[in-house]
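Quick note: the coordinates plus some simple rules give every number you see, no bench work behind them. As the structure is a computational prediction, the values presented were derived from the model and not from experiment. Note that we place each Cβ from the backbone using ideal geometry, even for glycine, and neighbour counts take in every protein chain shown.
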Amino acid sequence: MHGLGDVRFFDRLAPLYDLAMPPADGEALADGLDHATRPIERLLDVGGGSGRAAAALSGPDVCVVDASREMLARARGRRGLSTAVGDAGRLPVRDAIVDAVTIVDAVHHLPDHDAALREAARVLAPGGVIVIREFDPTHPLGRGLAAAEHAVGMASRFRAPGDLADDLADAGLDPRVVDRGFGYTVAGVKREA
C-alpha cells in the first residue's frame, strides 16, 4: 500500500514519471492564473515533482517544491527549474512572498490537503491566486482513475470541484471553479489586506 504522501513511491517512480504522464494543461493553468489581481512574477509549484506543470507555464519565476528529491532532480536536470525540498503542509517559504501557487494533479496525494491549502494561502501575497488542477471523482473517467489508483495500492483522496472550492474558502480565499470535466481547475484569490 502506498499511503498518502508516500515519498519513497515517487522517488522510485521519478525516472518513468514524465513518460507515463501527459503534459500539463498550460491553457487551463493560464486561465486560472488570470484570476489574480496582481502581476504574477513569482510562482510556487507545490507538489510539482518533475516540473511537468511548471514547464507548461511561461512568464513568472517558478520554484518547484516537492518532498521527493528524485522528482526534483528531474525538474532541475531535465527542465532547468529552481527547486526546494519541502512538505506541502509546511512550505519552506516566508509569508506573502509569492504571487501565485499551482498544485497540479497532487492534492489527492497529500496527507493533509487542508494544511497544504492553508500553507499555500499563507505564502501568497494579497491579490495573488492559487490554481489547482485535479481529477473529478464524480466524472466517469475520474471514477475509473480513482479505482485504478486504489487497485495499485495508492490511498488517493479525490475531491469534486465544488468541495475543493469550499476548501479554498475555508483557507480564507475567494474561490471559483474555472472549468469542469475529468480534469478540472479551481482558483482561489487572496483578498487584499
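Charge dipole of the chain (Cα centre as origin; +1 on each Lys and Arg Cβ, -1 on each Asp and Glu Cβ, all else neutral): 480 debye, rounded to the nearest 20.
Restricting to the chain, what percent of DSSP beta bridges are antiparallel, rounded to 5?
Antiparallel bridges: around 40 percent, rounded to the nearest 5.
So how do 111-120, 129-138, 46-55 stack up, highest first, on mean other-Cβ count within 10 Å?
Numbers: 111-120: 20.3, 129-138: 23.6, 46-55: 26.4.
Highest mean packing first, the order is 46-55, 129-138, 111-120.
Note on ASP179 and ARG78: their simple-model spin labels are 2.3 nm apart, each label 7 Å out from Cα toward Cβ. The calculated FRET efficiency for the pair ALA155 and VAL85, based on their C-beta separation and a Förster distance of 30 Å, comes to about 0.85.
Would you look at the GNM of the chain, springs on alpha carbons closer than 10 Å, and say which of ARG74, ARG122, ARG143 moves the most? In this elastic network of the chain, the residue with the biggest mean-square fluctuation among ARG74, ARG122, ARG143 is ARG143.
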